[in-house]
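Read the structure below first, then the notes.
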Amino acid sequence: MDKKELRKLIRNLKAQHSEEDLMLASHRICDAVMSLPRMNDADSILLYWSLPDEVCTHGLVRRLYSEGRTVLLPRVKTDTELSLHLYAGDGSMRQGAFGIIEPTTPELSDSELSSIVTPHTVAIIPGVAFDRQGHRLGRGRGYYDRMLKRPPLTAAYKTGICFHFQLLPLLPTTPYDVIMDEVVHS
């Protein structure tokens, strides 16, 4: 199957699950993320504020923030680029591009990111699908692949998260794809 067909397949598989089932699976996935050994040492975590069709990360973002961890969230900057921002509580969030709830805090500069992102940083990344080798199928715009190739984000430990039906044996790949270090699923 090509990427377009795979995206349609995953949409159809997701439609077979109730909202309640997906929320329960999201809680299990987020609990599994919190139990990862790397999370013990992570003082900064790159996360995402989930869309309705993604693993729900809202509780995870809030929990990490309440623990005093530095939480970075992306915001759509251009048609091809994400910027990174500090999460400063739910009051610092608003609806932005594509209906995505995004942080309103200032964009972090490269020098600010260099002081925050280290090899101990964990980047928790969404995807339409993943395979067991860590390849990721996104929504097709390449936002995360471009962002994760920028220093200092290249140093972060990349963890994909997905529902069990989003983990496939093999995905089509390109040389531009960033491979996850680990994939957590329900």
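Computed values, structure above
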{"quantity": "Computed label-point distance, nm, for sites residue 5 and residue 38 using a 7 Å Cα→Cβ extension", "calculated": "3.2"}
{"quantity": "Under 18 Å from residue 158, Cα to Cα: aspartates and glutamates that are on another chain or at least 8 residues apart", "calculated": "31, 41, 43, 54, 131, 145, 177, 181, 182"}
{"quantity": "Proximal lysines relative to residue 4, as straight alpha-carbon distance under 23 Å, when same-chain residues fewer than 8 apart are discounted", "calculated": "14"}
{"quantity": "Span-like helix ranges in the chain, DSSP H, alpha carbon extent 20 angstrom or more, Kyte mean at least -1.0", "calculated": "19-34"}
{"quantity": "Cα extents of the range 97-186 along the three principal axes, largest first (Å)", "calculated": "39, 31, 26"}
{"quantity": "Dipole moment magnitude, nearest 20 debye, the range 110-186 about Cα centre, only Lys, Arg, Asp, Glu C-beta charged", "calculated": "200"}
{"quantity": "Charge dipole magnitude, Cβ of K and R +1, D and E -1 - the chain, Cα centre, debye nearest 20", "calculated": "380"}
{"quantity": "Alpha carbon convex hull of the chain, volume per residue in cubic angstrom", "calculated": "114"}
{"quantity": "Gyration tensor (alpha-carbon) shape descriptor, the range 75-142, a/c threshold 1.5", "calculated": "oblate"}
{"quantity": "Accessible solvent surface per residue of the chain, calculated while the other protein chains remain in place, 1.4 angstrom probe, Å²", "calculated": "50"}
{"quantity": "Whether the range 1-97 is rounded, prolate or oblate, judged on the alpha carbon gyration tensor where a/c under 1.5 counts as rounded", "calculated": "oblate"}
{"quantity": "Whole-percent carbon and sulfur share, accessible surface of the chain, 1.4 Å", "calculated": "53"}
{"quantity": "Environment charge at residue 77 (Cβ cut-off 11 Å; Lys +1, Arg +1, Asp -1, Glu -1)", "calculated": "-2"}
{"quantity": "DSSP bridge orientation in the range 107-186 - percent antiparallel, rounded to nearest 5", "calculated": "15"}
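The values are calculated or read from the model by the stated rules, or taken from the named source; none is laboratory data. What you are looking at is a predicted structure, and each value in this text was computed from that prediction instead of being measured. Neighbour counts run over all protein chains shown; Cβ positions are idealised from the backbone, glycine included. Areas reflect the complete protein model, heavy atoms only, side chains present, ligands, DNA and RNA absent. Shrake-Rupley method; radii C 1.70, N 1.55, O 1.52, S 1.80 Å.
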